[in-house]
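Enquirer: I'd like to ask you about the structure that follows.
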Amino acid sequence: MIGALFVTAVKALVLILALLFAFAYITWIMRRGLARFQVRLGPNRVGPFGLLQPIADAVKAIFKEDITVAQADRLLYWLAPLLAFTFALAAFAVIPVGPDGWVVANLDMGVLYVFAASELAIYGVFLAGWASGSKYPLMGGLRSIAALVGYELALGMAILPVVLMAGTLNLQEIVEWQKQHGYFIVYQLPAFLIYFIASLAEMSRTPFDFAEAEQELVAGFHTEYSSTKFVAFYIAELLHWIVGSALIATLFLGGWDAPFGLPEIPVLWLFVKWALFIFLVLWIWASWFRTRYDQMIRFAWGVLLPAATVWFLITAYYVVKGGMA
Amino acid sequence: MSVMALAKALGITLRHFFSKPVTIPYPDAPVPLKPRFHGRHVLTRHPDTGLEKCIGCSLCAAACPAYAIYVEPAENDPENPVSIGERYAKVYEINMLRCIFCGNCEEACPTGAIVMGYEFELADYRYADFVYTKKDLLVDTVGSKPQRREAKEKKKPVKLGFEVPYVRPELEGVKYE
């Protein structure tokens, strides 16, 4: 019992460190990648290829002055970045990176857990907007919540066909199912597309990056945050990107399963598929515009949700009629 | 908002992703300049005799809109002339802080003595160091004052931060590496 707990604790620690390392270098990849899309070089002065840039950024951010607005609700103002950060980190716990033991928590309701964690992370946004005691964070927070809730519905609806077909909520078993029958991107292409679009909103990336429509809202819900508290939000935001990409890869692209009969190496194949989605999101970020707020909400409720529902009913009918068996 | 347009946007950015960045990593790599760039002035000499082209007429100083040029002429020694005419510039100074690099001095010069060169790294610390005298401007000198000072301290040749497709013929005798 104690031994199992210890093993889980070590796994969790390794995962947290890996995620924070991934975060640090995702900032580098993001800046260098966006620069290349814009025919620039990007940060290349700190260390070879600018590889030490994340460290320089961290040092700079920590030594910034920590400002609190006089009208802020002190407790919630502190709590918000903590919530956002913690639940962004927690979501990865159920994503398997390899067969059997290669997951921190092999939960039977893994899919639900991921959704619960990402829903709770919205509280970070909501509380930050409310507790800042300033108008731009309030409006930015309201927008973000409306958008996130709207897209969370489409996200949940797009995941149901997958769960129906696999017959389980356990992510490890979903991967095993795909290993046997083939990837869900083949069977569930519409669900994949809906899920991916909704994920972009969930990660607050272009074309739905309303949390930080800087032309309209300064920096959205974290306008009044500085220093380490800002870093917590920044980490949370990029972790959503990291976790979201890993989750799509797990749900629709077979997770850690080696494609094309290649040798099976834990971590590696999930990493490759994950990197694919990281690049795809970056690519979209560099290419597309930001939709207008009302367009985005209308798209979520008027297009994505009905489409996901219809596809869910089609899949349900198929499964009831006999399905894969 | 059509799907085709979105796909096209992705195509354009991907093409740019694989193209060479337009950024010039300046202090590491030289800046490509056009041959007619207006940089630090050069006082040229006649290539065959080695005599200075400047005859000390002060037309450049008269043409200068920023009053950056000061010329003090003197009579040439017939035995050992400095320039080809009767007179030469005993003192020739350009204040680089005043100079606006318009090139009017070059336009006004009747003998083609003062020519705009390519050097642009003129930043320095003291006011007096911005006054370029004859020895700083004559063709044999390569590099600005701070550049030459740095090269002397590091005991290395002057490193010029530009490249040109060709040096225009007015700058005869200038040796840019």
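Enquirer: For the range A:1-85, just run the numbers: alpha carbon Rg, then divide by 2.2 N^0.38 Å, N being how many residues it has.
Expert: 1.54
Enquirer: Compute the accessible area per residue over the range A:65-320, keeping the other protein chains in place, probe 1.4 Å, unit Å².
Expert: Counting only protein heavy atoms, the per-residue value for the range A:65-320 is 42 Å².
Enquirer: Now a separate question. Please identify the DSSP H helices in chain A that span no less than 30 Å along the helix axis (Cα) and have a mean Kyte-Doolittle hydropathy of 0.5 or more.
Expert: A:2-37, A:110-131, A:135-166, A:227-252
Enquirer: So, one more: How big, on average over all directions, is the shadow cast by the Cα convex hull of chain B, in nm²?
Expert: Here the figure is 15.2 nm², rounded to one decimal.
Enquirer: Per residue, how many Å² of accessible area does the range A:1-63 show with a 1.4 Å probe?
Expert: 62 Å²
Enquirer: May I have the pair-distance distribution P(r) for the range B:47-117, computed from all Cα-Cα distances with 5 Å bins from 0 and rounded to whole percent?
Expert: So the P(r) values, bin by bin, are 4, 18, 27, 24, 15, 9, 3, 1.
Enquirer: Related question: Quick check: Cα centre of the range B:1-26 to Cα centre of the range A:112-184, how many Å?
Expert: Result: 31 Å between the Cα centres.
Enquirer: Mind grabbing the interface size between A and B? I mean buried accessible area, both sides, 1.4 Å probe, in Å² to the nearest hundred.
Expert: Interface between A and B: roughly 1500 Å².
Enquirer: Just the number, please: carbon plus sulfur as a percent of the accessible area of the protein assembly as shown, 1.4 Å probe, no ligands or DNA/RNA counted.
Expert: C and S atoms contribute 67 percent here.
Enquirer: Of A:48, A:59, A:82, which is farthest along the charge dipole of the range A:28-117 in the positive direction, counting Lys and Arg as +1 and Asp and Glu as -1 at C-beta?
Expert: Of the candidates, A:48 comes out farthest on the positive side.
Enquirer: Computed over the Cα atoms of the range A:207-290, what is the convex hull's projected area averaged over all directions, in nm²?
Expert: Seen from a random direction, the Cα hull of the range A:207-290 projects 7.0 nm² on average.
Enquirer: When we measure straight from the Cα of residue A:229, which lysines land under 16 angstrom away, once same-chain ones fewer than 8 places off are left out?
Expert: A:60, A:64
Enquirer: Let me ask another. Take the alpha carbon atoms of the range A:1-68, find their center, do the same for the range B:130-159, and report the distance between the two centers in whole angstrom.
Expert: After rounding, the separation between the Cα centres reads 45 Å.
Enquirer: For the range B:4-30, state which residues have at least 40 Å² less accessible area in the presence of all protein chains than in their chain by itself, taking the probe as 1.4 Å and leaving out ligands, DNA and RNA.
Expert: B:6, B:10, B:13, B:14, B:16, B:17, B:21, B:23
Enquirer: Mind checking the mean number of beta-carbon atoms from other chains within 10 Å of the Cβ atoms in A:265-278?
Expert: Mean number of neighbouring Cβ atoms from other chains: 0.
Enquirer: Using only the Cα atoms, what convex hull volume per residue in Å³ does the range A:94-246 have?
Expert: 105 Å³
Enquirer: Quick one: helix B:3-17 against the long Cα principal axis of chain B, what's the angle to the nearest 10°, folded into 0 to 90?
Expert: It works out to around 40 degrees.
Enquirer: Using packing as a proxy for protection, rank B:20-29, A:191-200 so that the peptide with the highest average count of other Cβ atoms within 10 Å comes first.
Expert: Ranking, from highest mean packing down: A:191-200, B:20-29.
Enquirer: Turning to a different aspect of this structure: Of the DSSP beta bridges with both residues in the protein assembly as shown, give the percent that are antiparallel, rounding to the nearest 5.
Expert: Of the beta bridges lying entirely in the protein assembly as shown, close to 75 percent run antiparallel.
Enquirer: Using the heavy atoms of the protein chains alone and a 1.4 angstrom probe, what is the accessible area of chain B per residue in square angstrom?
Expert: Each residue of chain B exposes 60 Å² on average to a 1.4 Å probe.
Enquirer: Over the residues of the protein assembly as shown, compute the C-alpha Rg and express it relative to 2.2 N^0.38 Å.
Expert: Its radius of gyration relative to the 2.2 N^0.38 Å reference: 1.43.
Enquirer: Straight distance only, please: which lysines reach the Cα of residue B:156 with their own Cα at less than 18 Å, same-chain residues fewer than 8 apart left out?
Expert: B:145, B:175
Enquirer: Relative to the longest principal axis of chain B, what angle (0 to 90°, nearest 10) does the C-alpha long axis of helix B:145-154 take?
Expert: 80 degrees
Enquirer: Taking the alpha-carbon distance from residue A:273 and a cut-off under 20 Å, which lysines remain once sequence neighbours fewer than 8 residues away in the same chain are dropped?
Expert: Those lysines meeting the cut-off are A:179.
The values are calculated or read from the model by the stated rules, or taken from the named source; none is laboratory data. These numbers come from a predicted model, not from an experiment. We place every Cβ from the backbone using ideal geometry, glycine too, and count neighbours over all the protein chains shown. Heavy atoms of the whole protein, side chains included, go into the accessibility calculation; ligands, DNA and RNA do not. Shrake-Rupley method; radii C 1.70, N 1.55, O 1.52, S 1.80 Å.
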